[in-house]
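To start, the structure itself, in structure tokens.
All of the numbers you see were taken from the coordinates with simple rules; none came from a lab. Predicted, not measured: the structure shown is a model, and the values here were computed from it. Note: ideal-geometry Cβ built from the backbone for every residue, glycine included; neighbour counts use all protein chains shown.
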Amino acid sequence: MPSSRTNKKEIQWDKYMVYFIFVGVFIVFAIALGSKGFLNANNLINILRQTAVISIIAVAGTFVMAAGQIDLTVGAVAAMTAMIVSLILEKTNSIILALAVGVVFGALIGLVNGVLVTRFGLPAFLATMGMMQMIRGSAMWITDTAAVPISNETFCQIFGIGSVGPVPVLVIWTILFYIIGIILFNKTPFGRHILATGGNETSAGYSGINTMKVKITAFIMSGAFAAFGGILYAGRLQAGRYSYGDGDEMSVIAAVVIGGTSMSGGTGSVIGALFGSILMGMINNALILANLSSAQQTVVKGAIIVLSVAVSNIAQKKKKN
Amino acid sequence: MSEFVLEMKGIEKAFAVPVLKGVDFSLKAGEVHALVGGNGAGKSTLMKIMTGVYSKDAGDILINGEAVSIQSIHDAGKYGIAMIFQELSLIQTMSVAENIFLGEEVTKNGLRDTAYMNRRAKEVLDNLGINVDPGTVVSSLSVGMSQMVEIAKAVSKNAKILVLDEPTASLSDSETEHLFKLIADLKEKGVSMVYISHRMNEILKIADSITILRDGVIAHTGSVKDIDLDKIIMHMLGDNRGNRFHWVEREYNKEAPDLLTVEHMKINDKLTDISFSLKPGEILGFAGLMGSGRTEILETLFGIRKMLGGTVKINGAPVSIRNTRDSIKSGFALIPEDRRKQGLVLIHSVKENAILPKITKLTRGILVDEKTADHMVEENVRNLGVVTDGIHKRINLLSGGNQQKIVVAKWLNMQPEIIMLDEPTAGVDIGAKAEIIELIRRVADEGKGVLFVSSELTELMAICDRIIVLYDGRIIRSLSRKDIKAEEELQYAIQQDK
């Protein structure tokens, strides 16, 4: 049916808004900060490296938010996982064991979040906020706030500082997770179940979808991805510290929403989240190049988040009318 | 001064097709005026014009003999007209007194004067004989009590004309009695009431006047003293007694073993013992008033409500239905009552909605086979004559009838053995209605079993092979379609008390 094709081509402004903003911001920075090295290959790759953790967690964040949920534990999970991994490496020097325990820890936290939200009916915001504090507190407690250095060079190469040719491993990990995330979200039944659950939970249930399981799975993904983010923090900074990922939950939410995922669920874009995340990294980078103080950076960052979400919301409203 | 508190003259209203064609309606002071008519006769449209929800295309509204303009619910309130909604409009988390004073909070030094408002609310409630503490949170009240609080709220704002829309639909017998007492009290205080109901016994008991609407015109208006159930039904049906959709006697093997057997099914305190059976190729209808338990039976078979007792057998073998997945696996499908809330994901496309239940099977490896899915939905669109620009169009942009066809399609794609439909033609235009009815016949002709719930008797009469009549949670009759001579008989059966 040719008619169905034409419909596909209708431009959905809200969905693509992130790319327009992205390109626009990039051009502005290229012109304004080109002389300060914004366009240097090194600088651009640096941006990708610095945003890798947020980007990867935002993959799972898209699933969580498309299902109409929210996960505030991701930053704390990253920190706690970094602590666990560094301690295991310190004791056993086994990368496999450290990796397995770290990811399983994250997944378990996700399971607890999911069960709190579905079985006990807690609002996701509150359940994960409480969990966040418990996990962050534990990360401080486990070594009494002391950092745990990592001496395993292989670990740090694979999960942080290494590179394959000119491409840093962090960028490779990011690409890998995005490929998995895009396939899962766009191509599998699970992706549709996520969207249906977020779009209309009652209808999804009436269609035979186990919405509880769908939501729990999204939280488990989020926990596991956050744990992997923590592993990358540990690898890049060659130590475990309780303070990693402070505020990452907010950066992830911003990246996901700027990327075109609705906070109320039902729509979402994984690749959009990547652009959302890099957009924020780019802004960060530009503000540093522009010699803004960290106080000024914080203000500008906040303003840009508000602005880009507002712009895409206006686009969305226009479409509805 | 006019004898009437409210007069509506020559009211006309059309939504694509004319719904009201020059309707006159007059209400005397202190009377209970019943408004009766089949589904789609125009009752609720008339009341929505009176309460300012809709604007009229033509006609006049007079209050105490003076022409007025009612453009909004706010205007209606100014003239003392208030509607008590079927879905209660109280705020569940606030107290009775807070609800009564909502929007008109009394303050002292800029702060809410809770003590005064509670005292004043108590006076209002006492005055109406409603026995509830004004500090009680509304969510902890029964449906009946909430409704009375809503009435009290309207009265406290000096409402002189109340519209009650099926007020007893979800009330118990004692709550109904209580409500009738309140209505009698209000009458004495000079409040006029329009009483919409399908329950003729209630109307004959409490109403003073009656107006019967049929297809957008007044079929009869007069005193309740001069009318009985026979005449009401006669006026409601008029000349077009079930002729809108013709009944065609269908062939199916009546001797075949049961496809579905339900024995002693218990759902709640009201529906305690439901038994019936269904043959392959049979269309079994459920008739009954709102709240008689029709929807609950379907929802239980679909695993949405818990079955508290009894057995369900398919082809003679007992099945256990703990959730919707179990039910679907057993071969059930449900086209639910509320298309928008239960049937569809409105923000998603035609395609996404049509493939949703089947998507786990529409795969190649672990990936969704989009091509096969597209083909399936395009075929759905063709076969069911769905009017849409394409399968990727957002479903909320389609008309009600086309949306409903997609809900039906999404379940036909699952190839169920037993298809349950709950008011499938509600909010659907007449053309699509006929198509949906034809579709159900076609599905049954393929040997599937159909359970069909509808408030439109004409429709039940047109399509069902057998009709089960429910009253207050009990099956009181099981009629073979052949034995029903006219729609009147079915209407009597539904109204039957005890």
**Request:** Apply 1/(1 + (r/R0)^6) to the Cβ-Cβ distance of A:ALA303 and B:SER139, taking R0 = 56 Å, and write down the FRET efficiency to the nearest 0.05.
**Result:** 0.85
**Item:** Near-label residues of the stretch A:89-113 by backbone N, under 14 Å of a point 7 Å along Cα→Cβ of A:ALA146
**Value:** A:90-91
**Asked** Between B:SER2 and B:GLU379, what is the label-to-label distance in nm when each label sits 7 Å out along the Cα-to-Cβ direction?
**Response** 6.1
**Fill in**
Sorted by chain and then number, the residues having a modelled amide H within less than 5 Å of the amide H of B:LYS448, at least 5 places away or on another chain, are B:GLY281
**Prompt:** Taking 0.36 nm per residue of separation and subtracting the Cα-Cα distance, what length does fully extending B:GLU66 through B:SER478 add?
**Reply:** 143.1 nm
**Complete:** Partner shielding of A:180-189, taken as the mean number of other chain Cβ atoms within 10 Å, equals 3
**Asked** Do the sum for the protein assembly as shown: with -39,500 (n - 2.57) for every DSSP H run of n ≥ 4, divided by all residues, what is the mean residue ellipticity at 222 nm, to the nearest 500 deg cm²/dmol?
**Response** -15500 deg cm²/dmol
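State whether the stretch A:26-320 is rounded, prolate or oblate according to the following rule on the C-alpha gyration tensor (a ≥ b ≥ c being the square roots of its eigenvalues): a/c under 1.5 gives rounded; otherwise a/b larger than b/c gives prolate, and the remaining case gives oblate.
Oblate.
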**Item:** Inter-label distance for B:ASP338 and A:ALA30, nm, one decimal - labels placed 7 Å from Cα along Cα-to-Cβ
**Value:** 5.1
**Complete:** Ordered by number, the GluC sites (Glu not before Pro) in the stretch B:173-265 that occupy a DSSP loop and have at most 10 other Cβ atoms within 10 Å are B:GLU249, B:GLU251, B:GLU255
**Note, ³J(HN,Hα) from phi for the stretch A:291-302, Karplus 6.51, -1.76, 1.60, rounded to Hz, x at Gly and Pro** = 6, 7, 6, 5, 5, 5, 4, 4, 4, 5, 4, x
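Over all residues in B:335-345, what is the mean tally of Cβ atoms on other chains that come within 10 Å of each residue's Cβ?
Numbers: counts 1, 4, 0, 3, 1, 3, 4, 6, 5, 5, 13.
Mean number of neighbouring Cβ atoms from other chains: 4.
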**Asked** B:ALA317 to B:ASN39: FRET efficiency via 1/(1 + (r/R0)^6), r the Cβ-Cβ distance, R0 30 Å, to the nearest 0.05?
**Response** 0.20
**Complete:** FRET efficiency (B:ARG112, B:LYS329; Cβ distance; R0 60 Å; to 0.05) is 0.65
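Which of rounded, prolate or oblate describes the stretch B:152-297 when judged by the alpha-carbon gyration tensor and an a/c cut-off of 1.5?
Oblate, because a/c is 1.5 or more while a/b does not exceed b/c.
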**In the stretch B:1-45, GluC sites (Glu not before Pro) in a DSSP loop with at most 15 other beta-carbon atoms within 10 Å** = B:GLU3
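How much length would be gained if the chain were fully extended between B:ASN268 and B:LYS181, taking 0.36 nm per residue of separation minus their Cα-Cα distance, in nm to one decimal? Show your work: numbers first, answer last.
Working: separation 87, 0.36 × 87 = 31.32 nm, distance 2.81 nm.
That works out to 28.5 nm of additional length.
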**Request:** Compute the signed sum of charges (Lys and Arg +1, Asp and Glu -1) over the other residues within less than 15 Å, Cβ to Cβ, of B:GLY77.
**Result:** +2
**Message:** List the GluC sites (Glu not before Pro) within the stretch B:309-395 that DSSP assigns to loop and that have no more than 14 neighbouring Cβ atoms inside 10 Å.
**Reply:** none
**Request:** Evaluate peptide B:405-412: per residue, the Cβ atoms of other protein chains within 10 Å of its Cβ; return the mean as an integer.
**Result:** 1
**Asked** Taking the Cα-to-Cβ direction at B:LEU308 and at B:GLN92 and moving 7 Å from each Cα, how far apart do the two end points lie in nm?
**Response** 2.1
**Message:** Largest first, please: the extent of the C-alpha atoms of chain B along each principal axis, to the nearest Å.
**Reply:** 71, 55, 47
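B:ASP24 to B:LYS189: extension gain in nm, 0.36 nm per residue of separation minus the Cα-Cα distance? Can you show the working numbers first?
Values: separation 165, 0.36 × 165 = 59.40 nm, distance 2.57 nm.
Separation in residues times 0.36 nm, less the Cα-Cα distance, equals 56.8 nm.
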**Item:** Most fluctuating residue given options A:VAL103, A:VAL64, A:VAL167, as computed from a GNM of chain A linking Cα atoms under 10 Å
**Value:** A:VAL167
**Prompt:** Which of the aspartates and glutamates could be linked to B:LYS48 by a straight reach, that is with a Cα gap under 17 Å, when you skip same-chain ones fewer than 8 residues away?
**Reply:** B:GLU7, B:GLU12, B:ASP24, B:ASP57, B:ASP60, B:ASP75, B:GLU87, B:ASP165, B:GLU166, B:ASP215
